[in-house]
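Remarks on the structure that follows.
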Amino acid sequence: MALHRLDSITVGVPDVAATTVFYEDFGLNPSSDGWFSTTEGGNQLRLVTSASRRLVEACFAADDLDDIGRMRARLAERGFAAAIDGADLVTADPGTHTPIRIAARPRLQQQPYSAPAVNGPGRVDRVNARAAGILVESPVRPRRLGHFVLGTTDFDQSRQFFVDGLGLKVSDIVKDVGVFLRCSTDHHNVLVQRSPVPFLHHSSWQVDDVDAIGRGAMAVLERHPERHMWGLGRHYAGSNFFWYFRDPAGNYAEYHSDMDSIPEDAIWAPEVLEGALGLYRWGPPPPPSFINPEDLADLMIHGHSA
């Protein structure tokens, strides 16, 4: 596929300073220009001032300038406007008017994760030692950005843009709700969902394992228990463990681990999910504000503006 990963997102928030504290506690590394980096993905989150919270821009990575040229032609053939900005291609999702940037970036080579020894019935891999997960003292640092969830008032247009225009592949469908899409080997890099207003539901960040999710959560919640949103649990779509938190602007941020991996040439049959499977396989029930964030009415009144 022409795109090989989700590279970064730019998020508008009313209070950049307060939101910066949240993402520092979350484990992202801030710089002086508004960017936050992960340990392997580089600069992957930028915060800018906005009257209301919104996704200002999402950037995807292509292999080279030839791929960017082919992407521009593909978009034009399908009736989507696109322009060259320096070396990048800039277009927009017509369903939400969210700018989308395509940049030439090298493929991300992650350091292999060495899974710790785990004991189970009839299998003892760790003998005379405590579990590694309880001995780690260092703070949790997300390895990379995995995906974002975008609410759209025109689901058909947004789906057509991401699938037909950008070439993302369908991984799973949640009936009457949305569609999971991928441009990498991750099960999903984008979830486009029906919504009464365009908005960013959440961003998701990869950590090593479920112990890292738990340790990261405790660090986030130690001084701010109100940041808890939903977790710990395991999704069906993607199979990943999850824990969600609420930033001061109202966006949700997710730690995830153990995501399904789908090679580019693999045959994958999307499922149509209904009911609880569209949300999770096990865990506490999601709070109502996870499904319908409490500020949606305000976002509808004040609009999706800068």
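The values are calculated or read from the model by the stated rules, or taken from the named source; none is laboratory data. Bear in mind the structure is a predicted one, so any value in this text is a computation, not a measurement. In this analysis, Cβ positions are derived from the backbone assuming ideal geometry, glycine residues included, and neighbour counts consider all displayed protein chains. Note: accessible area is taken over every heavy atom of the protein model, side chains too, but ligands, DNA and RNA are not part of it. Shrake-Rupley method; radii C 1.70, N 1.55, O 1.52, S 1.80 Å.
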Checklist entry - Does the stretch 42-63 contain any residue that is part of a helix (DSSP H, G or I), open to solvent by 60 Å² or more (accessible area, probe 1.4 Å) and not acidic (Asp, Glu)? => result no
Checklist entry - Of all residues in the stretch 219-233, which are over 30 Å from Asp298 (Cα atoms) and surrounded by 18 or more Cβ atoms within 10 Å (Cβ to Cβ)? => result none
Checklist outcome for this item: When restricted to Phe80, Phe36, the only residue in a loop (DSSP other than H, G, I, E, B) and surrounded by 12 or more Cβ atoms within 10 Å (Cβ to Cβ) is Phe80
Checklist outcome for this item: Val90: passes all of (1) aliphatic (A, V, I, L, M); (2) in a loop (DSSP other than H, G, I, E, B); (3) in contact with a Pro (Cβ under 8 Å, 6 or more places away or on another chain); (4) without any contact (Cβ under 8 Å) to a residue 24 or more places away in the chain but (2)
Item to check | Close pairs (7 angstrom Cβ cut-off, 6 or more residues apart or separate chains): acidic (Asp, Glu) in the stretch 206-220, open to solvent by less than 30 Å² (accessible area, probe 1.4 Å) anywhere | outcome: Asp208/Ser257; Asp209/Ser257; Asp211/Gly133
Item to check | Residues that are of a type in the set (S, T, N, Q) and crowded, with 23+ Cβ neighbours inside 10 Å, drawn from the stretch 153-170 | outcome: Ser158
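Can you tell me which residue within the stretch 81-128, out of those that are of a type in the set (Ser, Thr, Tyr) and more than 16 Å from Gly69 (Cβ to Cβ), is farthest from the chain's Cα centre (by Cα)? Show your work before the answer.
Restricting attention to the stretch 81-128, the residues satisfying the condition of being of a type in the set (Ser, Thr, Tyr) are 91, 96, 98, 113-114.
With more than 16 Å from Gly69 (Cβ to Cβ) added as a condition, the list becomes 96, 98, 113-114.
Working: Thr96: 17, Thr98: 15, Tyr113: 20, Ser114: 24 Å.
Checking each candidate, the answer is Ser114.
Within the stretch 18-33, work out how many residues are in a helix (DSSP H, G or I) and not aromatic (Phe, Trp, Tyr). Show your work before the answer.
Residues of the stretch 18-33 that are in a helix (DSSP H, G or I), as a first pass: 18-26.
Narrowing further to those that are not aromatic (Phe, Trp, Tyr): 18-21, 24-25.
Final tally of qualifying residues: 6.
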Checklist outcome for this item: Those residues of the stretch 131-183 that are in contact with a Ser or Thr (Cβ under 6 Å, 6 or more places away or on another chain) and assigned to a helix (DSSP H, G or I) come to a total of 1
Next on the checklist: Scan the stretch 35-48 and tell me whether some residue there is in contact with a helix residue (DSSP H, G or I) (Cβ under 6 Å, 6 or more places away or on another chain) and over 21 Å from His147 (Cβ atoms).
Outcome noted: no
Checklist entry - What pairs come up if the first residue lies in the stretch 1-30 and is open to solvent by 30 Å² or more (accessible area, probe 1.4 Å), the second is assigned to a helix (DSSP H, G or I) and acidic (Asp, Glu), and their beta carbons are under 8 Å apart, counting only those six or more places apart or on different chains? => result Ala2/Asp67; Pro30/Glu24
Checklist entry - What are the residue pairs meeting all of these: first residue in the stretch 261-278, first residue open to solvent by 70 Å² or more (accessible area, probe 1.4 Å), second residue of a type in the set (Val, Ile, Thr), Cβ atoms under 6 Å, and 6 or more apart or on different chains? => result Ser261/Thr185; Trp268/Ile262; Val272/Ile173
Checklist entry - Does Val140 count as more than 27 Å from Glu271 (Cβ to Cβ) and open to solvent by 60 Å² or more (accessible area, probe 1.4 Å)? => result no
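Within the stretch 236-259, which residues are of a type outside the set (Phe, Trp, Tyr), open to solvent by less than 40 Å² (accessible area, probe 1.4 Å) and either under 25 Å from Leu3 (Cα atoms) or not in a loop (DSSP other than H, G, I, E, B) (or both)?
Start the filter on the stretch 236-259 by keeping residues that are of a type outside the set (Phe, Trp, Tyr), which leaves 237-240, 246-251, 253-254, 256-259.
After this cut, where a residue has to be open to solvent by less than 40 Å² (accessible area, probe 1.4 Å) as well, the list is 237-240, 247, 249-251, 253-254, 256-257, 259.
Ala237, Gly238, Ser239, Asn240, Ala253, Glu254, His256, Ser257, Met259, listed by residue number.
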Next on the checklist: Taking the condition of being among the β-branched types (Val, Ile, Thr) and either over 28 Å from Asp258 (Cβ atoms) or in contact with a helix residue (DSSP H, G or I) (Cβ under 6 Å, 6 or more places away or on another chain) (or both), how many residues in the stretch 158-176 meet it?
Outcome noted: 1
